[in-house]
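Everything on this sheet refers to the single structure shown next.
Read the figures in this text as sums done on the coordinates, not as results from a lab. This one's a predicted model, so the numbers in the text were calculated from it and none came from an experiment. Neighbour counts are summed over all protein chains in view; Cβ atoms, including those assigned to glycine, are modelled from backbone coordinates with ideal geometry.
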Amino acid sequence: MLRFATILGVTLAVIFCSSAPVSAVDTATALRVLDPDNDGTIDMKEAIRGAKRVFKAINPDNDRTLDAAELRGRLSAAGLRAADPDNDGTLNWREYKALVKAMFRAANPDMDGTIDLRELSSPAGQRLLKLIYL
Ligand SMILES: [Ca+2]
Ligand SMILES: [Ca+2]
Ligand SMILES: [Ca+2]
Ligand SMILES: [Ca+2]
């Protein structure tokens, strides 16, 4: 009986996981975390605050720059090159912040100064999210 319950539990977990729109749920969660003033959108200030947290967290060697390995999964090699005007192969905070600002603008086609859930769910929004949310 216990065994059956375990199998049932696992099966249900599998069904739940495969049917739930996981990425949409995650995006909604991310929006809540990144939205301390609770207006349902991310403004530039909130995005930069999130970016600062990510920058610190993914830079364990504390050398004030992010290299390709530290950026893995968040920014492609081409993205890194494009965001690296001094061409040293790493992003310092100034470069990272400029990148986040550009990504924010790209993810905000209605230009109202904020990213809502729909915008955050778009491909551009998801690219921004990787830079501002752990
Ligand atoms: Ca907000
Ligand atoms: Ca580093
Ligand atoms: Ca650089
Ligand atoms: Ca918007």
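Using 17 Å as the cut-off for backbone N distance, which residues of segment 82-112 belong to the label zone defined by a point 7 Å from the Cα of residue 63 along Cα→Cβ?
Within reach of a label on residue 63, which here means backbone N under 17 Å from a point 7 Å along Cα→Cβ, segment 82-112 contributes 84, 86-96.
Can you compute 3J(HN,Hα) from phi for each residue in segment 120-126, using the Karplus curve 6.51 cos²θ - 1.76 cosθ + 1.60 with θ = phi - 60°, rounded to whole Hz and x for Gly and Pro?
So the J values, rounded to whole Hz, are 5, 7, 6, x, 5, x, 5.
Could you please rank 67, 86, placing first whichever residue has the fewest other Cβ atoms within 10 Å of its Cβ?
Ordered from fewest to most neighbouring Cβ atoms within 10 Å, 67, 86 come out as 86, 67.
Only four residue types carry charge here, +1 at the Cβ of Lys and Arg and -1 at the Cβ of Asp and Glu. Report the dipole size of segment 15-134 about the Cα centre in Debye, rounded to the nearest 20.
Magnitude of the dipole: close to 160 debye.
Work out the charge dipole of segment 26-134 with +1 on the Cβ of Lys and Arg and -1 on the Cβ of Asp and Glu about the Cα centre, then indicate which of 113, 62, 48 is farthest towards its positive end.
Of the listed residues, the answer is 62.
Expressed in nm to one decimal, what extension gain is obtained for the pair residue 92 and residue 29 from 0.36 nm per residue of sequence separation less their Cα-Cα distance?
Contour length minus Cα-Cα distance gives 19.9 nm.
Check residue 92: other-chain or 5+ apart residues with amide H under 5 Å from its amide H, H built from backbone geometry?
66
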